[in-house]
Amino acid sequence: MIITIALLAFAVFGRSLFGEFLFDDPAISDDEDSLTRPLFTRPVELQRRQRALTTLAYRIAYQISGRRFLPFTFHAMNLAVHAANVVLVYVVLLPLLGPERATMAAAIFAFHPLQASSVCYISALAGMLATLHTLLGLAEFQLGGWHLALAVVSQYFAWRSKPDALFYTPLYLIYGFLLART
Amino acid sequence: MPAWFFDSVFEYRTYVFMLPWAALLALLPREPLLFLLSLWIYHSQERAGYYRTNLDFWEQAFKESPAKTRVRTRHIEQLLIDLERKYKQPARRWEDLQPEIDRVTKLIEGICDAQH
């Protein structure tokens with residue numbers, strides 16, 4: 001069921017696939033200095049260095065597009081990350097809400113119109129990757145034990161996707177509190 | 001809460017905070033929730049359509065949020081400041097600045113198109 005919802009999310013926001021680079025996106029397609037370089041080389045620009053994982057994702061999209069800035073591939077990457085996030089929302093909420101309500105919550109997360117601002121906007125990939133790693137961190141956190149170390153690593157990756165992810169860390173406190181109550 | 005409120009206040013930064021919001025909403029009774037979900041699927045698809053082209057996006061953004069006009073204006077100001085700084089560099093040729101000039105022109109055209 002959850003995989004179906006993730007695929008449906010892909011279909012619902014799929015209208016963005018044939019869109020252009022827009023708003024702040026031209027800053028990506030213009031940034032040949034940082035994004036056309038080999039995958040693991042150090043980016044020139046400070047923001048690209050701070051968002052190392054996002055830069056890596058853009059470089060991968062650039063390489064997949066045949067060393068071109070093809071909006072389709074970048075949009076497809078956003079959609080793929082969103083679909084992964086939908087599955088992770090389910091995994092994270094399952095112990096709190098049970099299977100039925102967790103599926104509902106994942107569906108809300110997948111289809112809420114507000115998500116269009118992120119899912120259809122290539123420059124918002126940083127926030128989506130930060131969310132992906134935070135959700136992975138929360139999924140590790142619920143397992144406890146040595147998985148806590150992996151949660152720290154995931155949160156570090158979230159921070160390297162978008163520095164704002166530092167402010168996502170209170171989610172762990174709230175999540176831990178709610179887990180303890182169930 | 002209307003979507004434009006979230007859009008103008010939080011913009012795409014709402015993404016991660018949809019997690020607790022979704023968890024809370026999932027506690028609603030099932031029937032109204034399924035009704036909301038079907039509406040949201042339709043509305044999400046519509047919004048994804050708005051994001052397909054620059055012009056549609058600008059139009060939608062400006063219709064929904066005057067705050068975004070201010071953000072774009074500041075963006076253009078910053079681009080012009082950068083342009084002036086680069087222009088003052090002695091080794092810089094006029095042709096080197098053309099991509100930035102095109103970018104500023106495109107942004108200003110976007111605002112004009114959206115406001116007419």
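Considering only residues that are more than 7 Å from every other protein chain (Cβ to nearest Cβ) and within 20 Å of A:ALA124 (Cβ to Cβ), look in segment A:1-22 and name the one that is surrounded by the fewest Cβ atoms within 10 Å (Cβ to Cβ). Across segment A:1-22, the extreme among qualifying residues is A:ALA11. For beta carbons closer than 8 Å, sequence separation of 6+ or different chains, a first residue in segment A:59-77 that is at positive phi and a second that is assigned to a loop (DSSP other than H, G, I, E, B), the qualifying pairs are A:ARG67/A:THR36. Considering segment A:21-53 alone, what residues qualify as being charged (D, E, K, R) and under 20 Å from the mean Cα position of the chain (by Cα)? Of everything in segment A:21-53, those that are charged (D, E, K, R) and under 20 Å from the mean Cα position of the chain (by Cα) turn out to be A:ASP24, A:ASP25, A:ARG48, A:ARG49, A:ARG51. The residue list A:THR103, A:THR169 contains one member that is in contact (Cβ under 8 Å) with a residue 24 or more places away in the chain, among the β-branched types (Val, Ile, Thr), more than 7 Å from chain B (Cβ to nearest Cβ) and surrounded by fewer than 22 Cβ atoms within 10 Å (Cβ to Cβ), which is A:THR103. Out of curiosity, is A:VAL87 in contact (Cβ under 8 Å) with a residue 12 or more places away in the chain and within 12 Å of the chain's Cα centre (by Cα)? Here the answer is yes, as A:VAL87 does meet what is asked. In a residue-by-residue description of segment A:44-52, the property of being in contact (Cβ under 8 Å) with a residue 40 or more places away in the chain, away from every other protein chain (no Cβ under 14 Å) and not in a helix (DSSP H, G or I) applies to at least one position. In segment B:46-69, the residue that is modelled with the highest pLDDT out of those that are within 8 Å of chain A (Cβ to nearest Cβ) and open to solvent by 70 Å² or more (accessible area, probe 1.4 Å) is B:TYR50. Against the list (1) over 24 Å from A:TYR172 (Cα atoms); (2) of a type outside the set (Asp, Glu); (3) part of a helix (DSSP H, G or I), the condition A:LEU114 fails is (1).
Tallying residues that are open to solvent by 10 Å² or more (accessible area, probe 1.4 Å) and under 13 Å from B:TYR51 (Cβ atoms) within segment A:108-125 yields 1. Checking the stated criteria, A:ALA52 turns out not to satisfy the condition of being modelled with pLDDT under 95, closer than 20 Å to B:VAL16 by Cβ and buried (at least 17 other Cβ atoms within 10 Å of the Cβ).
Count of segment A:23-38 residues, restricted to those that are assigned to a loop (DSSP other than H, G, I, E, B) and either closer than 21 Å to A:HIS112 by Cβ or more than 9 Å from chain B (Cβ to nearest Cβ) (or both), is 6. A count restricted to segment A:23-49 and to residues that are hydrophobic (A, V, I, L, M, F, W, C) and crowded, with 16+ Cβ neighbours inside 10 Å stands at 3.
Every residue, every condition in (1) under 29 Å from A:ALA165 (Cβ atoms); (2) modelled with pLDDT under 75; (3) basic (Lys, Arg), yes or no:
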| position | (1), (2), (3) |
| --- | --- |
| B:PHE17 | yes, no, no |
| B:TRP40 | yes, no, no |
| B:ARG93 | no, yes, yes |
| B:ASP96 | no, yes, no |
| B:GLU109 | no, yes, no |
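Is it the case that A:VAL152 is assigned to a helix (DSSP H, G or I), free of Cβ contacts under 8 Å to residues at least 60 places away in the same chain and open to solvent by 60 Å² or more (accessible area, probe 1.4 Å)? Considered against the rule, which asks whether it is assigned to a helix (DSSP H, G or I), free of Cβ contacts under 8 Å to residues at least 60 places away in the same chain and open to solvent by 60 Å² or more (accessible area, probe 1.4 Å), A:VAL152 comes out as yes. Comparison of A:ARG37, A:ARG15, A:ARG67 shows that the only residue that is charged (D, E, K, R), at pLDDT 80 or above and more than 27 Å from A:PHE111 (Cβ to Cβ) is A:ARG67.
Yes or no, residue by residue, for (1) at pLDDT below 90; (2) part of a helix (DSSP H, G or I); (3) open to solvent by 40 Å² or more (accessible area, probe 1.4 Å); (4) within 24 Å of A:ARG51 (Cα to Cα):
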site	(1), (2), (3), (4)
A:VAL81	no, yes, no, yes
A:GLY145	yes, no, yes, no
A:TYR156	no, yes, yes, yes
A:GLY176	no, yes, no, no
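The values are calculated or read from the model by the stated rules, or taken from the named source; none is laboratory data. Quick caveat: nothing in here was measured; it's all calculated off a predicted structure. FYI the Cβ positions are ideal-geometry reconstructions off the backbone, even for glycines, and counts take in every protein chain you see. Ligands, DNA and RNA are excluded from the accessible area calculation, which covers all protein heavy atoms including side chains. Shrake-Rupley method; radii C 1.70, N 1.55, O 1.52, S 1.80 Å.
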